[in-house]
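Before any comments, here is the structure.
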Amino acid sequence: MKRRQRTFTDYKDLGFSDKVSSQAGRAINKDGTFNIRKRGLKFLEHYSFFHALLTISWWKFLIIVLTTYFVLNVLFAFLYMITGYENLTGMSPGGFWEHFLEAFFFSTQTFTTVGYGRINPIGFMGNVVSAFESLVGLMSFALATGVLYGRFSRPVEKFIYSDNLLVAPFKENTALMFRLANAKNNVLSNVQIEIMLSMSENDNGTFSRKFYELTLERKRINFLTLSWTVVHPMDENSPLHGFSEEDFKEADVELLILINGYDDTYGQNVHARHSYKYNEFVWNAKFTPMFKRSDDEQYTILELDKISDFQMIG
């Protein structure tokens, strides 16, 4: 691997170890999560149920809510049956399953504090179970409402990135470049980006991981309305100056990307992470345009499905 002729600042406070032998794969996954699996503690000691409810996808959240609602009402229906369905007045004649369905729907009415009034509890045990269910229902809906509000009020970024990072001629040198855009219709302003280079180096026979901040042609834009092609010139001021495609592979290069912007909708900052490994680099290529004028020339069309489109040079 080509040795660098200049000394660059090695950042050791990124939160990643410099030991090459103890780490596998990439540091940051494509979805922005860290490629870490925690072990050594009991499940409930490191798992946050509230955090999971805030961050899981909407379809999983709705399944959990509906399943919990159904299971709790089934359990309370069984309690009403165990304590004696005769403790519920107004039930229609029938066998066990008919009475169970009546108890189940009475449970849903009590759980949600609707209470239509056709069936009502009598006796000590019937009132105890219904009173306890009312408390559980109120607490459950308060929790669900809080989590639902948290999901809606939490700003969520929706950056999309080009599938590959291109290595292409740039001015009189070569540059690394990738493309990103905001997939949502909200306005992001004062968007800033930092890129840290992670690479393995052989220091007198000992391999260690080094981290360097890469200088960018432009590290901040006022508004992210169209796409943004982020460029790092591989000139004499770059720790990657003179690197070949084989050098990138030998050094196990990964670019760690941190993005920070202001979301006008929520009035808060949003953050995003991304990374590119050396095997996602494409050499001697350039991106093709992804926005154009409308037919009536009244507005600009941003074609997000073309964010990864490129063509080879030469």
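Of all residue pairs spaced 6 or more apart or on separate chains, those with beta-carbon atoms under 8 Å, a first member in the stretch 169-183 that is of a type in the set (D, E, K, R) and at pLDDT below 90 and a second member that is assigned to a strand (DSSP E or B) and surrounded by 13 or more Cβ atoms within 10 Å (Cβ to Cβ) are K171/P233.
With respect to the conditions (1) over 15 Å from S275 (Cβ atoms); (2) buried (at least 21 other Cβ atoms within 10 Å of the Cβ), L197 falls short on a single one, namely (1). Applying a threshold of 6 Å to beta carbon distances and a minimum spacing of six or more residues, or different chains, the list of pairs starting in the stretch 38-63 at a residue that is on the phi < 0 side of the Ramachandran plot and of a type in the set (S, T, N, Q) and ending at one that is assigned to a helix (DSSP H, G or I) and modelled with pLDDT of 80 or more is empty. Per this entry, I221 is not counted among residues that are surrounded by fewer than 18 Cβ atoms within 10 Å (Cβ to Cβ), among the hydrophobic types (A, V, I, L, M, F, W, C), more than 14 Å from R179 (Cα to Cα) and touching a Phe, Trp or Tyr at 6+ places or on another chain (Cβ under 7 Å).
Please go through the stretch 221-242 and pick out each residue that is within 20 Å of Y276 (Cα to Cα), under 25 Å from the mean Cα position of the chain (by Cα) and in a strand (DSSP E or B). Listed by number, the residues that qualify are W228, T229, V230, V231. The residue of the stretch 200-218 that is surrounded by the most Cβ atoms within 10 Å (Cβ to Cβ), among those that are in a loop (DSSP other than H, G, I, E, B) and among the charged types (D, E, K, R), is E217. When the residues of the stretch 240-255 are filtered to those that are crowded, with 21+ Cβ neighbours inside 10 Å and touching a residue at least 60 places away in the same chain (Cβ under 8 Å), which remaining residue is farthest from K306 (Cα to Cα)? Ranking the qualifying residues of the stretch 240-255, first place goes to A251.
Only one of the listed residues (Y299, Y278) is buried (at least 18 other Cβ atoms within 10 Å of the Cβ), more than 20 Å from I221 (Cα to Cα) and either over 28 Å from the mean Cα position of the chain (by Cα) or free of Cβ contacts under 8 Å to residues at least 40 places away in the same chain (or both). That residue is Y278. Restricting attention to the stretch 284-313 and to residues that are in contact with a Leu (Cβ under 8 Å, 6 or more places away or on another chain) and not β-branched (V, I, T), the residue that is nearest to K184 (Cα to Cα) turns out to be L302. Where residues in the stretch 88-103 are in a helix (DSSP H, G or I) and surrounded by fewer than 18 Cβ atoms within 10 Å (Cβ to Cβ), which of them is modelled with the lowest pLDDT? That would be F96.
The values are calculated or read from the model by the stated rules, or taken from the named source; none is laboratory data. None of these values were measured; they are calculated from a predicted model. Because the Cβ atoms are built from the backbone with ideal geometry, glycine has one as well, and the counts that use them run over all protein chains shown.
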